[in-house]
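The values are calculated or read from the model by the stated rules, or taken from the named source; none is laboratory data. The shown structure was predicted, so the numbers you read here are calculated from the model rather than taken from an experiment. Here the Cβ is made from the backbone with ideal geometry for all residues, glycine too, and neighbour counts use every protein chain on show. These accessible areas exclude ligands, DNA and RNA; they are computed on the full protein's heavy atoms, side chains included. Shrake-Rupley method; radii C 1.70, N 1.55, O 1.52, S 1.80 Å.
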Amino acid sequence: MVASALAIKRGCIKSNLSMMGIQFTVLRGWIVTGIYAATVAVGIWVFASVMINAPAAWAMFKRIGLSAPGSASRPIRQHLVPVPKTSRTSDSSTRRGGCGISTYLEQDVWPEDDDENNVGGGHSRGAIMTKTASAIAAFVLAAVGTATVPTAEAAPCLIVTLTGTNAGPPAINGLAGPGTLVRYGDDANNCGAVKLQFDAGRGTNMRLSQVGVAPAQLNAIFFTHMHSDHADGFADIIQLRWHFNSKGSKLDVVCSSDAVSTFGFIISCKKFVAHIGDAYLQSGEIAQRHSENKDRLTGGPAELTNVVTFEPKNEPQVVWSSGDVKVSAIRSAHIPGHASYRVDTPAGSAVIGGDAGNDVAAPPRATSTSGQVEKLAKGVDVIVHSTMHPVMKDSGMPALIFYRQSGATDLGAMAKRVGAKHLMLTHLAPQIGAERVGPWKILGGPLTEADYRKAVDASGYTGNVVVGTDLVSVRLPAK
């Protein structure tokens, strides 16, 4: 009797333990399923945010034994399924047994995890869920980890290129008319995010094409003054922009507002731009080209310009900006309305002096250079400036023309005072190798690069001197 009672008791205990084991297994299954579902949700969110880091995540997948999507390795049993359905059944023997425990068995309707049902040769359901949860967690960690690692930013850079170095209207040795291209960006875009052209003498478009810059890529053109040698190439640039990019953005044209001469006439950059296409309109070309392509503006190239004018002052003023690039202007002497410019960027700065000279038209004066340009150039990296060699004084050039330009030695002295690292001489008068400047024959014969360097060296300037020729460039920082 006692033995029978002990047997029944042991049976109840064993049954209770069995039931508890089943309940623990079920509870564990639901915990794993909950973790699995939560991890999937987080994984999807991170996946959408940091997909670019997928390679690192797939590498972790492989390390824990799962295949990346699209791989040729063994397929795993589909695991992205709804939470398993269950059927609740009762067992009267356990419900009404002598142990006094009322129990319901939770039975999965999933196939048994044996080799016969696991036809893919893969993992069991529990193993799949565990590995899947681990894989998603690994993906999250890899993606978040790689996303938070700081990436090196491309270094900003500035390139100053002389697109034309000829002096005055005469054509000499195939050189283009005065112009300077300033490009700013970073190493990733070859310093080409912003492209600014300062003056556009004859042949500017040809020079731009040699450095891979099309008219439609220019962000703005700045004019220092309205002399033909500085502006002849503008019609070519804006006509081509109209021809091929009429539906594109307008080109900013930045220059001084109308200036009245002491003789009563008006120097007007605004009118110059407004009438830049008149010859093509009058010739009938605009109408003819428009008949071929209706995208072309009927009013001609002037309709593709956005003229931005300013009143030149004796103090620098910002006249144009875009992102990290700021352009300032200041009044300078040469002809009415003449202005000089400064470009400031995170990579460096450049001053384009144009044909600026001293406010005092002739000696006696302390220097031939402009006091305003010197003010604008304080602390600048690069100075680009027109240059007159002293030899021209004795070569028959009229004093008015000779004295209204800055001399090479005085430019060196100014560059030294403002701390400029680079002095780029352009608009050279006379040109290297030329026997004359217009009608004026050079006394002593053609000059060499060494002659210009000697003139600058006399000032005591020890920075980098660039004796300009077309397409010579200075890059900041140097590469």
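Could you list, in sequence order, the residues of the stretch 427-479 that are more than 17 Å from Ser386 (Cβ to Cβ), within 33 Å of the chain's Cα centre (by Cα) and of a type in the set (A, V, I, L, M)?
Matches in the stretch 427-479: Leu471, Leu476, Ala478.
Working carefully through the options Lys271, Lys294, Lys250, find the one that is closer than 27 Å to Gly212 by Cα and charged (D, E, K, R).
It is Lys250.
So which residues in the stretch 280-292 are without any contact (Cβ under 8 Å) to a residue 40 or more places away in the chain and either in a loop (DSSP other than H, G, I, E, B) or not β-branched (Val, Ile, Thr) (or both), if there are any at all?
Hits for the stretch 280-292 are Leu281, Gln282, Ser283, Gly284, Glu285, Ala287, Gln288, His290, Ser291, Glu292.
What's the total number of residues in the stretch 236-256 that are open to solvent by 30 Å² or more (accessible area, probe 1.4 Å) and among the small types (Gly, Ala, Ser)?
Summing the residues that are open to solvent by 30 Å² or more (accessible area, probe 1.4 Å) and among the small types (Gly, Ala, Ser) in the stretch 236-256 gives 2.
Any idea how many residues of the stretch 406-419 are in a loop (DSSP other than H, G, I, E, B) and open to solvent by less than 10 Å² (accessible area, probe 1.4 Å)?
Let us first name the residues in the stretch 406-419 that are in a loop (DSSP other than H, G, I, E, B), namely 406, 419.
Keeping just the survivors that are open to solvent by less than 10 Å² (accessible area, probe 1.4 Å) gives 406.
Residues flagged as in a loop (DSSP other than H, G, I, E, B) and open to solvent by less than 10 Å² (accessible area, probe 1.4 Å) within the stretch 406-419 amount to 1.
Out of the residues in the stretch 227-261 that are assigned to a helix (DSSP H, G or I) and touching a Lys or Arg at 6+ places or on another chain (Cβ under 8 Å), which is nearest to Ala302 (Cα to Cα)? Full working, then the answer.
We begin by selecting, within the stretch 227-261, every residue assigned to a helix (DSSP H, G or I); these are 228-231, 234-245.
Filter once more, so that each one left must be touching a Lys or Arg at 6+ places or on another chain (Cβ under 8 Å): 229, 242-243.
Working: Asp229: 20, Trp242: 9, His243: 12 Å.
Only one residue tops the list, namely Trp242.
Between Gly264, Gly299, which is farther than 30 Å from Pro156 by Cβ, open to solvent by 30 Å² or more (accessible area, probe 1.4 Å), among the small types (Gly, Ala, Ser) and part of a loop (DSSP other than H, G, I, E, B)?
Gly264
In the stretch 166-224, what count of residues is obtained for those that are closer than 29 Å to Met388 by Cα, open to solvent by 20 Å² or more (accessible area, probe 1.4 Å) and in contact with a helix residue (DSSP H, G or I) (Cβ under 7 Å, 6 or more places away or on another chain)?
2
Does Ala455 count as at negative phi, assigned to a loop (DSSP other than H, G, I, E, B) and buried (at least 21 other Cβ atoms within 10 Å of the Cβ)?
Considered against the rule, which asks whether it is at negative phi, assigned to a loop (DSSP other than H, G, I, E, B) and buried (at least 21 other Cβ atoms within 10 Å of the Cβ), Ala455 comes out as no.
How do the pairs read when you match residues in the stretch 194-216 that are touching a residue at least 12 places away in the same chain (Cβ under 8 Å) and of a type in the set (Asp, Glu) with residues anywhere that are in a helix (DSSP H, G or I) and surrounded by 24 or more Cβ atoms within 10 Å (Cβ to Cβ), using Cβ under 8 Å and keeping only pairs 6 or more apart or on different chains?
Asp199/His230; Asp199/Ala231
Report whether or not Ile401 is free of Cβ contacts under 8 Å to residues at least 60 places away in the same chain and in a helix (DSSP H, G or I).
Yes: the conditions hold for Ile401.
For the list (1) in contact (Cβ under 8 Å) with a residue 24 or more places away in the chain; (2) closer than 30 Å to Ala167 by Cα; (3) more than 27 Å from the chain's Cα centre (by Cα), I need the number of the one condition that Trp320 fails.
All conditions pass for Trp320, except number (3).
If you go through the stretch 407-415 one residue at a time, do you hit one that is more than 12 Å from Thr369 (Cβ to Cβ) and modelled with pLDDT of 95 or more?
Looking for residues that are more than 12 Å from Thr369 (Cβ to Cβ) and modelled with pLDDT of 95 or more, one finds none in the stretch 407-415, hence no.
Of all residues in the stretch 368-378, count the ones that are open to solvent by 50 Å² or more (accessible area, probe 1.4 Å) and part of a loop (DSSP other than H, G, I, E, B).
1
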